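Visitor: For reference, the structure I am asking about is given below.
Taken together, the values in this text are just the output of simple stated rules run on the coordinates, not laboratory data. Keep in mind the model is a prediction, meaning the values are calculated, not measured. Glycine gets a Cβ as well: all are built from the backbone with ideal geometry, and neighbour counts include every protein chain shown.
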């Protein structure tokens, strides 16, 4: 159970537009933001950063950036963000077969070498202590240019904030995220942890 109860979505009317961004991404306003709205400026700033990092006009596919976020969250151990990032990946067009194969990304034909390099980078960058080394970065550079690498690390870093926020708050997972977690992530040991009532 969450350590702090989320406020109702309409508790802060000036955040309606900001919340809409997340409804477009996930299909709902996440409990993390409903809790964060106690400080409206934080929600607005986080929404602005999310729009910049997840810009559909960027150099990296928006759905793939959500997979990157999943791998960074997996490394950090945030089960809330693991489920959320996969919900968003599917909404942004990542095929179900690819989402279903996240545990086998190293060998699955659904993933390219470029994607494997980026996902290995996400696992290393999401770890504490950080595990990015010259070998990982060199492999990343073989497939991605500098603009793309900045965007990839932006997605990892964005979710680094969310990983700390949601694990520290024990934010309750929403039903659709729980369903996806049970369907896809449970086979790799995901339980939802403290995020499931």
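Visitor: What nm distance separates the two modelled labels at residue 59 and residue 186, each placed 7 Å from Cα along Cα→Cβ?
Guide: The answer from the label model is 4.1 nm.
Visitor: For the chain, what is the calculated [θ] at 222 nm in deg cm²/dmol (nearest 500), taking -39500 (n - 2.57) for each run of four or more DSSP H residues and dividing by its residue count? Walk me through the numbers before you get to the answer.
Guide: Numbers: 10 runs with 116 residues, N = 197.
My calculation for the chain gives -18000 deg cm²/dmol from helical runs alone.
Visitor: Then there is this: May I ask you to derive the FRET efficiency for residue 130 and residue 108 from their Cβ-Cβ distance with R0 = 25 Å, giving the value to the nearest 0.05?
Guide: On the way: r = 26 Å, r/R0 = 1.04.
Rounded to the nearest 0.05, the efficiency is 0.45.
Visitor: Next up: Helix 40-53 versus the longest principal axis of the chain: what angle, 0 to 90°, nearest 10, using Cα atoms?
Guide: Helix 40-53 and the main axis of the chain meet at about 20 degrees.
Visitor: What whole-number distance in Å separates the alpha-carbon centres of the stretch 21-42 and the stretch 64-118?
Guide: 22 Å
Visitor: Now for a different question. Output the 0 to 90 degree angle, nearest 10, between the alpha-carbon long axis of helix 62-76 and the longest principal axis computed from the alpha carbons of the chain.
Guide: 90 degrees
Visitor: Cα axis of helix 79-91 to longest principal axis of the chain: angle in degrees, 0 to 90, nearest 10?
Guide: It works out to around 80 degrees.
Visitor: Percent of Cα-Cα pairs more than 30 Å apart in the chain, please.
Guide: On the way: 3111 of 19306 pairs.
For the chain, the fraction of Cα-Cα distances above 30 Å is 16 percent.
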